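Working notes, structure below.
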Amino acid sequence: MTGALELHEVCAGYPTPKGFLSVLDRLSLLVEKEEWVSVVGPSGCGKTTLLRVSAGLLRPQSGKVLVFGEVPRGQVAYMPQGESLLPWRTALGNILAAREADGRVDKKTKREALEFLEDFGLADFAKSFPHELSGGMRQRVALLRTFFAKRDLLLLDEPLGALDALTRAELQDWLLGVWQRLKKTVVLVTHDVEEAVILSDRVVVLTPRPAHVAATFPLNMTRPREKSSSSVQALRASILAALARKNL
């Protein structure tokens, strides 16, 4: 069966003044349709590079990358790290930007965007500019823009990483609700192991650079998941132990 995302023995990296920096080393990963997979690993191991290769933004040296059985050519919605909203556009304008690259913005699309904002509690902020929104609101808009792109595979790079703990917890619940309603395939990069356990169907642990998959943890637990539950804490401990191993 064809997966939503398939990486087969992928090697990738970047040229440097001293030669070539190898970042991914024969990395293989299969993500099924409508599955939520979170990727964790040591700092600088190649998590963002994995997303860039999956999005078709970085060509691998060797190996194969397939999105729904095809070479990646714009079939994904990619949300990079950091502030990604266009400061000169309103929340509605930022949401519409997800469709403009495909030339699909018309009156019907604008109505859909307004309904989309309303469905997920942001209708009152449609005309607000990013500087008028809190950090949590900006991330909600950025995430909704990614979902509104009408791509079936979403690549999210630390989307909640810059938020305070309380706002982050609120957005984890909100993001899970959006995903459950829209049934997208999600690959999430996060440094927060507890976040990965709360949200995911599966957690993938990468080795230090050059990275390959060190371990995979299926999460056969119903949602929503309580952070304080013994099963969540046990899985968190197991993943942290895998990350701490010296010989991944």
Notebook entry, point to check: Helix 107-119 sits at what angle to the longest principal axis of the chain, using alpha carbons and giving 0 to 90 degrees rounded to 10?
Noted result: 70 degrees
Item checked: Gaussian network model of the chain, springs between alpha carbon atoms under 10 Å - residue of R236, R145, R225 with greatest fluctuation -> R225
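Sorted from largest to smallest, which semi-axis lengths in Å does the alpha carbon gyration tensor of the chain give for its equivalent ellipsoid, taking the root of 5 times each eigenvalue?
For the chain, the semi-axes come out at 30, 22, 17 Å.
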Margin query: What do you get for the angle between helix 230-244 and the principal long axis of the chain? Use alpha-carbon atoms, 0 to 90 degrees, nearest ten.
Written below: 60 degrees
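Going down the list K47/K107; K64/K183; K18/K64; K33/K108; K64/K184; K18/K150, which pairs span over 31 Å between their C-alpha atoms?
Among K47/K107; K64/K183; K18/K64; K33/K108; K64/K184; K18/K150, the Cα-Cα distance tops 31 Å for K47/K107; K18/K150.
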Item checked: Under 19 Å from the Cα of K127 - aspartates and glutamates, other chains or at least 8 residues apart -> E83, E100, D106, E112, E115, E118, D119
Margin query: Quick check on the chain: helices-only [θ] at 222 nm, where DSSP H runs of length 4 and up contribute -39,500 (n - 2.57) each and the sum goes over total residues. Nearest 500, please.
Written below: -11000 deg cm²/dmol
Check: How far is helix 91-100 tilted, in degrees, relative to the longest principal axis of the Cα atoms in the chain, given as a value from 0 to 90 rounded to the nearest 10?
Finding: 60 degrees
Checklist line | region 172-240: GluC sites (Glu not before Pro) falling in loop per DSSP and having at most 12 other Cβ within 10 Å | finding: E226
Check: According to the square roots a ≥ b ≥ c of the eigenvalues of the Cα gyration tensor, what is the shape class of region 117-248, taking rounded for a/c under 1.5, prolate for a/b larger than b/c otherwise, and oblate for the remainder?
Finding: prolate
Check: If you keep only loop residues by DSSP, which trypsin sites (Lys or Arg not before Pro) in region 41-141 have at most 16 other Cβ atoms within 10 Å of their Cβ?
Finding: R73, R89, R104, K127
Note to self: In region 199-221, whose amide N lies under 14 Å from the spot 7 Å out along Cα-to-Cβ of T16? List them in ranges.
What the structure shows: 209-211
Next item on the list: Take the alpha carbon atoms of region 89-155, find their center, do the same for region 2-51, and report the distance between the two centers in whole angstrom.
Entry: 28 Å
Next item on the list: Could you calculate the FRET efficiency of L30 with L240 from 1/(1 + (r/R0)^6), where r is the beta carbon distance between them and R0 is 30 Å, rounded to 0.05?
Entry: 0.80
Next item on the list: Report the label-to-label distance for S228 and D102 in nanometres (one decimal), using points 7 Å from each Cα along the Cα→Cβ vector.
Entry: 4.4 nm
Next item on the list: Please work out whether region 83-150 counts as rounded, prolate or oblate from its C-alpha gyration tensor, where a ≥ b ≥ c are the square roots of the eigenvalues and a/c under 1.5 means rounded, while otherwise a/b larger than b/c means prolate and anything else oblate?
Entry: prolate
Notebook entry, point to check: What percent does the relative contact order of the chain come to when contacts are Cα pairs within less than 8 Å and at least six residues apart?
Noted result: 26 percent
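No lab work stands behind these numbers, since they all come straight from the coordinates. Owing to the predicted nature of the structure, the values given are computational and were not obtained by experimental measurement. Reconstructed Cβ throughout: ideal geometry from the backbone, glycine too, with neighbour counts over all protein chains shown.
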